[in-house]
Amino acid sequence: MRKILTRNLDALLTREVDQQLAFFAQQGASRGPTFSKMIDDRRRLLRRSGEVGIEPAMTEWKMSAAPTKAAASHDELGAILRRLGELSDLRDIPERIELLQKVLPALPRGIQPAARATLLFALGSSHLDDYRGDRDISLRAAIEAFEAILGLPLDDVAQHGDTQEKLGVAYLERSARDSTAFEPALDHFRAALGAIQQDDIERRTRLQGQIGAVFLARGELGRPDDVEAAIAAFETAATAPVQSCFPSLWRDIQNELGLAYLARARGERADNVERAIVCFSGSLEASTDPQMLSARAETYHNLGIAYRHRLHDERLANLKRAVVCFERALGIRTRGQHPLEWAMTQQGLGSVYAEWVDDDRAASVERAIECFKGALEVFPRHQYPVQWATIQHELASAYSSRMFGDPAANMEQALQRYEDALTIRTRSERPLEWAATHNNLATVYVERIDGDRSANLDRALVLLHYALEVFTKDDYPFQWATVQANLGVAYGAGALGSDRGRWEEAISCLESARQYLGQRPADDQLARVEHNLAAAYQARTGRDAAQSVEQAIERYRAAERLHDRVRRPFEWATTQHSLGTAYLERRKGDRNDNLRQAIECFEKAAEVRLRERGAFNWAVTQSMLATARVLRADVSDDERQRAIQGLEQTFEVFTSA
């Protein structure tokens, strides 16, 4: 009956229909009073639906069949139900919950189960929409109300399906705090799907999408098979008929499918990101209705994430596209009207600024820190622990690359915030995030200024090996390669000149990372691995030191080809400087030719390493350039004098440091 009213209420609330029903009641009198009463009941239900709304009218109609002990009690319940029909705004949720909690215990014992179920459903839905105070309390209250419905003797299959779906929604949200909620969420969504008729394409499609959402949420915790199951569920749901008949539903599923491709560990990372961009772009094309502003903002946010991770095309161009997407989302997601969504997009924007790659890098990191701190104001730890931990992780990363302020203090900030994130990102609950934070925390210990150097490096190695327990080569090859690269840096940082064993460990790890990354489209990460591998070869000593320098030059040249001066000017300059030092140390070939090569590299580095951008790096490059010029056999007296003057200028920096 509820479905008929919902779909056809306007058509039924006409004088012609009422007169027709009256005629049926009169003509059916010969069939007995029961038939006439049934028709009259339907007439009253229609009138009440037009007056107070379908749900209150349905509840009154069902209650009217139950015996009541006191007319006054019945009248009071009727007044409450009428008031409930007037409370349709989200701001009315507190009053709605209060009234429902008052009316449910006062229901007559003989009331029909369907009437009690209707009120319990309204109570559970109100708790599900209640974001005041502790969200977990609201979710538990919603689950309790919906589960009470399942304990009632009901014959209404549709109501059973509605209740199962609501339970799935509640458990899915709860899974962000409790991983044991994933299985109940799947069970309830599947039960709802089983209760829905085959021809109800819209409901079945939505439930398929919700099942995919559960798999995706669980897959992001370290279960790559679940991400594949999520993609399969979304692709099953996002069919061409759904796109043409239910465009808003298709748009939502495209968004989820894009997020699944971003989370995918299988296949080529670059291809997965491109597929995600296609999904989000398709979702935007389906969101042209002015009433879909919120949906457009969500899609712009997700598209910003995809462009941030994009491997195709020029890096800075992708980051700029990401900024445009996030800023468009913020044009809709204002802090006053949508504080949670605003904070999520601030976090996304901060992530982009933290990875900026042009001359404005230092200022961009400051903007990133500002964005993350703004997001933390909206996501306190006690209410949003998972989001809070994610922002702490990203804020730590920003502090570790910060160029302003005291370097030692910045590293300590990074270390503390990674440790804070690990109080939520536990291995049992969130293994992928736990491993990622251990990997990043290790890099801070490698670069840490305070504390004992040897102890810091030992701690870094322990943390990286923890990360490898989760990031296995078979399941997470890209993350595995990233940890291998960081292990190489840590081993190299701990090697002392003649410690050949450590250098061999460093080279082995970096070679493993290079071999995997070299099979993928060339990117900045491969360039960094090539540079670090070159540094390890250059530092290796022993009988084959001369050959090691040749290998270092080869790898520096590979990094040079990968590093774009426009996109990564400082890293490009660092590689040029290091390549210059390798030519200074080179034993093979003509000495003067090697010196000329070294001078050329140092001069290129000096074009970027200006004194105003960093006095220390400027001084290091200028001193090496002067040294190379002086060592040339054909150096003139004037060149030697200018080189000596350059060295004197660098001494001023070194002695004041």
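The values are calculated or read from the model by the stated rules, or taken from the named source; none is laboratory data. Remember, predicted model here, so these are calculated numbers, not experimental data. Here the Cβ positions follow ideal geometry from the backbone for every residue, glycine too, while neighbour counts run over all protein chains shown. What goes into the accessible areas is simple: the full protein's heavy atoms, side chains included, and nothing from ligands, DNA or RNA. Shrake-Rupley method; radii C 1.70, N 1.55, O 1.52, S 1.80 Å.
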To the nearest 0.05, the calculated FRET efficiency linking Thr334 and Arg640 through their beta-carbon distance, R0 being 41 Å, is 0.05
So the carbon and sulfur contribution to the accessible area of region 534-657, 1.4 Å probe, in percent, is 47
Reviewing [x] 37; [y] 48; [z] 42, the figure for percent of Cα pairs over 38 Å apart actually calculated from this model sits under [y]
Expressed in nanometres to one decimal, the distance between label points 7 Å along Cα→Cβ at Glu585 and Thr236 is 5.8
A chain fully extended from Glu447 to Arg135 at 0.36 nm per residue, minus the present Cα-Cα distance, gains in nm 108.3 nm
Summing +1 per Lys or Arg and -1 per Asp or Glu among the other residues with Cβ less than 12 Å from Phe189's Cβ gives +2
Carbon/sulfur accessible area of region 252-316, % of total, 1.4 Å probe, equals 47
Simple spin-label estimate for Arg427/Glu274, 7 Å along Cα→Cβ, in nm, reads 3.8
Probe 1.4 Å, heavy atoms of protein chains only: per residue, the accessible area of the chain in Å² is 47
FRET efficiency for Glu86 and Gln519 from the Cβ-Cβ distance with R0 = 51 Å, rounded to 0.05, comes out at 0.20
Note to self: C-alpha centroids of region 154-186 and region 565-621 sit apart, in Å, by 62
In the structure shown, of Lys320/Lys373; Lys102/Lys166; Lys373/Lys473, the pairs separated by more than 31 angstrom at the C-alpha atoms are Lys373/Lys473
